[in-house]
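Q: First, the structure itself, so that you have it in front of you.
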Amino acid sequence: QVQLVESGGGLVQAGGSLRLSCAASGRTLSSYAMGWFRQAPEKEREFVAAISVSGTRTDAADSVKGRFTISRDNAKNTVYLQMNSLKPEDTAVYYCAAARFYGYTTANGYDYWGQGTQVTVSS
């Protein structure tokens, strides 16, 4: 069992940046591939980015490629999502999630979820 807690969300103007963090407790994050998802009001939860256990492989949704970067520090048991050039359409609750295997881009591939952190981008 692993518990995930996201932080770093907030209100930012379009074009700005935020860095989200996902800290784990319980089992070490180094056992899991990690992902970030987001969910806007009245929309489905959507994949944002994923990273392998070692951090050598990453993937990102087309909508955020070139703007968002996922990274991890296994020594700190933390995963990050650096978000640059934010747009109003990036407004959503952002969730981190842990999976046994790397490569999933759908929510059902992930076993553990955080409670989410709100990101609001104003125009």
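The values are calculated or read from the model by the stated rules, or taken from the named source; none is laboratory data. The structure displayed is predicted, hence computed values, not measured ones. Side chains included, ligands, DNA and RNA excluded: accessible areas come from the protein's heavy atoms. Shrake-Rupley method; radii C 1.70, N 1.55, O 1.52, S 1.80 Å.
Q: Just tell me which lysines come within less than 18 Å, Cα to Cα, of residue 43; anything on the same chain fewer than 8 places away is out.
A: List returned: 87.
Q: Could you run the Debye sum over the Cα atoms of the chain, one equal point scatterer each and no solvent, and tell me log10 of I(q)/I(0) at q = 0.16, 0.20, 0.21 Å⁻¹, two decimals?
A: Summing over Cα pairs of the chain leads to -0.67, -1.06, -1.17.
Q: Just to confirm, what accessible area per residue do you get for the chain at 1.4 Å probe, in whole Å²?
A: Result: 50 Å² of accessible area for each residue.
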